[in-house]
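Read the structure below first, then the notes.
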Amino acid sequence: MTDADARTRDSDSTSASVRALVADLAPTGTLRASINLGNPVLAQGTPEAPGGITVDLAREIGARLGVPVELLCFDAARKSYEAMATGRADLCFLAVDPAREAEVAFTAPYVVIEGVYAVPRDSELKSPADVDAPGVRIGVKAGSAYDLHLTRTLRHATVVRGAEGVDTFAEQGLEAGAGIRQPMTAYAASHPEVRLLDERFMEIRQAVGTTSSRSPETVAFLRATVEELKANGFVEDALRRADQDPALLAPPAQGVSGK
């Protein structure tokens, strides 16, 4: 076999592999990605003109498959999840959580963010451990990663769900509000009657996900792509372009390598 023949064979094999990925992950011929505009670290802008790390990731994955990308935008993680679970989307960008893993095949995280509490400035609560106490009510965004986490892990405090955790906290006069550090920090800066507890109550591992019914090859492709994009600077550059801290980049996954 000549070198030209070998190159042709390898090219044909690669094309067949990509066609198989497209048929499995984007069966309509368009990669439909659900985008959560309710998390400002991951996505910004409007449904008509979204931007941010998740938008960049969706478009890069689509480019590698050679298919157009449709961005389906929502204002909450639970809505983004539901779009994929019901077949309206092929790809999602969600926090890894046991409550989702039965339905979602996740990559390793591409960024890691933190969940923190806001409390009244004169509150006696000093740490996340203090918050988990009888009589403490915590405002959370319904269906968020921290709602799922706190519902599963709290022993004494009560979760109060609403459209936004910090708004529910303020409107109902609760003892604490839960949220993502970056927007919670901005909220506290503009509300002097509120302070944040510095210590996080959880790490939120944001990953790319697809339905667990996808082929092992499709899941392996997504996992390897995410690792490559973490390693080659793509994720950090996307965070910078969105005015987010590039230090949010997740560490390399064990046992997963880029292509």
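Within the bounds of the range 115-123, is there any residue that is assigned to a loop (DSSP other than H, G, I, E, B), farther than 23 Å from GLN182 by Cα and among the acidic types (Asp, Glu)? No, every residue in the range 115-123 fails to be assigned to a loop (DSSP other than H, G, I, E, B), farther than 23 Å from GLN182 by Cα and among the acidic types (Asp, Glu).
Out of GLU171, GLU228, one residue alone is assigned to a helix (DSSP H, G or I), of a type in the set (D, E, K, R), more than 17 Å from ALA43 (Cβ to Cβ) and assigned by TED's automatic domain parsing to the domain that holds VAL96. It is GLU228. When you check SER190 against the structure, is it modelled with pLDDT of 95 or more, surrounded by fewer than 15 Cβ atoms within 10 Å (Cβ to Cβ) and small (Gly, Ala, Ser), yes or no? Taking the combined requirement at face value, the residue satisfies it.
Pairs meeting the criteria (first residue in the range 51-69 and outside any helix (DSSP H, G or I), second residue surrounded by fewer than 17 Cβ atoms within 10 Å (Cβ to Cβ) and among the small types (Gly, Ala, Ser), beta carbons under 8 Å, at least 6 apart or on different chains) are GLY51/GLY45; GLY52/GLY45; VAL67/GLY29; PRO68/GLY29. Only residues that are in a loop (DSSP other than H, G, I, E, B), of a type in the set (S, T, N, Q) and either out of contact with any helix residue (DSSP H, G or I) (no Cβ under 9 Å at 6 or more places or on another chain) or more than 30 Å from ILE204 (Cα to Cα) (or both) were counted in the range 15-48, giving 2. Would the range 69-78 turn up any residue that is touching a Ser or Thr at 6+ places or on another chain (Cβ under 9 Å), modelled with pLDDT of 95 or more and closer than 12 Å to THR210 by Cα? Looking through the range 69-78, none of the residues is touching a Ser or Thr at 6+ places or on another chain (Cβ under 9 Å), modelled with pLDDT of 95 or more and closer than 12 Å to THR210 by Cα. The condition of being without any contact (Cβ under 8 Å) to a residue 24 or more places away in the chain, closer than 26 Å to CYS92 by Cα and not in a helix (DSSP H, G or I) does not hold for VAL140.
The values are calculated or read from the model by the stated rules, or taken from the named source; none is laboratory data. Everything numeric here is computed off the predicted structure, so don't read it as measured data. Cβ coordinates were reconstructed from backbone atoms using ideal geometry, including for glycine residues, and neighbour counts include every protein chain displayed.
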